[in-house]
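Report on the structure given below.
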Amino acid sequence: MTITEAVQQRILVLDGAMGTMIQDYKFKEEDYRGERFANYPHSLKGNNDLLVLTQPEAIDAIHLAYLEAGADIVETNTFNTNSISMEDYHMSDLVVELNVAAVESARRAIQQYRKNGGTDSKYIAGSVGPTNKTASLSPDVNNPGFRAVSFDDLRACYFQQCEALVGAGVDALLIETVFDTLNAKAALFAAQDAIEASGREVAIMLSGTITDASGRTLSGQTTEAFLISVGHAPLLSIGLNCALGAKQLMPYLQTLDARAPFAVSAHPNAGLPNAFGEYDETADQMAAQIKEYLDLNLINIIGGCCGTSPAHIAAIAALAKNYKPRTYVA
């Protein structure tokens, strides 16, 4: 059963935060380097996407933990695995290798899940982050017309990543944490081109982020405007993730539910960060808020973002199996 077929039949559970789980390992600089990059001339600590090469057992274990918690979809550890973001670590030349290795990691975890007796269908979503540059806004307050990146630059950057992910065998591309819709449009063009070139059927999922209580993305769009701007694309799902907790996302998900001709997804944070940037919302607390989504039949795909763990996903999965997915007309 394909992911497109599965989303019509049941609420699919997306995994939780990769970064939160990596933090628990407390990796040091030498851990990020591993043997291969022991003498690399630049600091690598914090390059979590590199860990698919230097600490693959840890990434495999994180994927497996989410699968066993009840996740139907695992995201590849590739949120920043694009040439623009990897420039920070002088590793843009590793983009293709890293994306392929990340898909292989997710696949190994699914294989281990099967060996452990698991029988449910599982899917791999290639995580495509927003990059660290925006096409709509100037990073220079003294020069509002300046742009750090062009649409064509972004499209080429995204195409390289999407081509690698699709070639490695993902079931879907998840363009997530969209803060600038122009960036997202470049990613959508690239994703469609990569899928068409591959000859494979790969779904496209899109998830934006509401940056604050204004209810808008960083580039200034409301949820409805965001939906209208990307509604031309052949999406499996559209949704929201990051920045806000489940409670704060509710009104924006209701907007998507009322208007989206696609499946609706949500993977909120475990509440809002505390003064130390940490997330205190427990699995039970988050699940109680997710239950409101389910009671209102708002969603088709549900998971967790910053601060969420396998415990959060297990609590959400236990709830979701008791509900039918949101109905919509494509």
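The values are calculated or read from the model by the stated rules, or taken from the named source; none is laboratory data. Fair warning: this is a prediction, and the values are worked out from it, not measured in the lab. Backbone-built Cβ (ideal geometry, glycine too); neighbour counts: all protein chains shown.
Would you mind finding the one in A125, A164 that is in contact (Cβ under 8 Å) with a residue 60 or more places away in the chain and under 22 Å from P268 (Cα atoms)?
Exactly one residue qualifies, and that residue is A125.
Suppose we filter P41, P56 for residues that are closer than 18 Å to G126 by Cβ and out of contact with any His (no Cβ under 6 Å at 6 or more places or on another chain); which single one remains?
Just one listed residue meets the conditions, P56.
Please state which one of D171, D180 is touching a residue at least 24 places away in the same chain (Cβ under 8 Å) and within 24 Å of P273 (Cβ to Cβ).
Of the residues listed, the single one that is touching a residue at least 24 places away in the same chain (Cβ under 8 Å) and within 24 Å of P273 (Cβ to Cβ) is D180.
Among the residues of segment 57-67, are any β-branched (V, I, T), more than 21 Å from S237 (Cβ to Cβ) and surrounded by 15 or more Cβ atoms within 10 Å (Cβ to Cβ)?
yes
Counting only residues that are of a type in the set (V, I, T) and buried (at least 22 other Cβ atoms within 10 Å of the Cβ), which one in segment 210-228 is farthest from A243 (Cα to Cα)?
Selected residue: T223.
Please pick out the residue among I238, I195 that is closer than 26 Å to V74 by Cβ, in contact with a Phe, Trp or Tyr (Cβ under 7 Å, 6 or more places away or on another chain) and of a type in the set (V, I, T).
None of the others qualify; the one that does is I238.
Is there a residue in segment 280-294 that is crowded, with 24+ Cβ neighbours inside 10 Å and among the aromatic types (F, W, Y)?
Yes: one or more hits.
Need pairs with beta-carbon distance below 6 Å; first residue on the phi > 0 side of the Ramachandran plot and within segment 15-37, second modelled with pLDDT of 95 or more and not in a loop (DSSP other than H, G, I, E, B); sequence gap 6+ or separate chains.
As it stands, the answer is G34/T54, since those pairs meet every condition given.
Would you call R259 out of contact with any Gly (no Cβ under 8 Å at 6 or more places or on another chain), touching a residue at least 12 places away in the same chain (Cβ under 8 Å) and among the basic types (K, R)?
yes
For every residue, the table says whether it meets (1) crowded, with 16+ Cβ neighbours inside 10 Å; (2) in contact (Cβ under 8 Å) with a residue 24 or more places away in the chain.
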| site | (1), (2) |
| --- | --- |
| N132 | no, yes |
| A135 | yes, yes |
| P139 | no, no |
| V202 | yes, yes |
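Report, ordered by the first and then the second residue, all pairs with beta carbons closer than 9 Å, sequence separation of six or more or different chains, a first member in segment 68-88 that is within 20 Å of L44 (Cα to Cα), and a second member that is of a type in the set (A, V, I, L, M, F, W, C) and part of a loop (DSSP other than H, G, I, E, B).
Between residues of segment 68-88 that are within 20 Å of L44 (Cα to Cα) and residues that are of a type in the set (A, V, I, L, M, F, W, C) and part of a loop (DSSP other than H, G, I, E, B), the close pairs are T76/V170; I84/V149; S85/F79.
Being over 11 Å from I73 (Cα atoms) and either aliphatic (A, V, I, L, M) or within 19 Å of the chain's Cα centre (by Cα) (or both) is the filter here, so list the residues in segment 109-126 that pass it.
Hit for segment 109-126 is A109, nothing else.
I need the strands (runs of 3 or more DSSP E) fully contained in segment 68-183, keeping only those with at least 3 residues that are modelled with pLDDT of 95 or more and of a type in the set (G, A, S).
Correct list: 123-128.
If V178 meets every condition in (1) surrounded by fewer than 19 Cβ atoms within 10 Å (Cβ to Cβ); (2) out of contact with any Ser or Thr (no Cβ under 6 Å at 6 or more places or on another chain); (3) of a type in the set (A, V, I, L, M, F, W, C) apart from one, which number is that one?
Going through the list (1) surrounded by fewer than 19 Cβ atoms within 10 Å (Cβ to Cβ); (2) out of contact with any Ser or Thr (no Cβ under 6 Å at 6 or more places or on another chain); (3) of a type in the set (A, V, I, L, M, F, W, C), V178 breaks only (1).
Return the pair list, or none, for Cβ contacts closer than 7 Å from residues in segment 48-59 that are farther than 12 Å from R108 by Cα and touching a residue at least 60 places away in the same chain (Cβ under 8 Å) to residues that are surrounded by fewer than 24 Cβ atoms within 10 Å (Cβ to Cβ) and of a type outside the set (A, V, I, L, M), at least 6 apart or on different chains.
none
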